[in-house]
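For reference, the structure discussed in these notes is given below.
Throughout, read-outs are computed from the coordinates displayed, never taken from laboratory work. Small disclaimer: the values here were computed from a predicted structure and weren't measured. Because the Cβ atoms are built from the backbone with ideal geometry, glycine has one as well, and the counts that use them run over all protein chains shown.
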Amino acid sequence: MGSPLFEEQQKNDLQSQFSRFTQNPLQFLASNNVNIPQQLANDPRGAVQNLLNSGKMSQGQLNYCMQAAQKMGFKFN
């Protein structure tokens, strides 16, 4: 088990990254060397499919992200 200080630091970092992502998803991804074509900027499903097709994200990673988002209260259609 990690120290409480380290765990709090990780939690704060994750919250900060999530906040940056929600404010400007394309800029956040680009700053992490993940580029989404401009024509997919307003197409979340297309952007995710692009990441899967290009190998930038695996199906397992997508599943993990979706499960984490659902735990935070997000719903997917």
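A few comments on the model shown:
- Taken about its Cα centre, the chain carries a charge dipole of about 200 debye when Lys and Arg each add +1 at the Cβ and Asp and Glu each add -1 at the Cβ.
- With a Förster radius of 22 Å applied to the beta-carbon distance between Gln10 and Gln70, the computed FRET efficiency rounds to 0.60.
- Shape index of the chain: Rg/Rh, with Rg the Cα radius of gyration and Rh the Kirkwood radius from the inverse mean 1/r over Cα pairs, equals 1.01.
- Relative contact order (%) - criterion: Cα under 8 Å, at least six apart; region: the chain: 12 percent
- The chymotrypsin sites (Phe, Trp or Tyr not before Pro) found in the chain that occupy coil by DSSP, while having at most 11 further C-beta atoms within 10 Å, are Phe74, Phe76.
- With neighbours defined as other Cβ atoms within 10 Å of a residue's Cβ, the residues Ser58, Ser3 order from fewest to most as Ser3, Ser58.
- Structure remark: mean-square fluctuation, Gaussian network model of the chain, C-alpha springs under 10 Å; the largest value among Gln67, Gln59, Gln23 belongs to Gln67.
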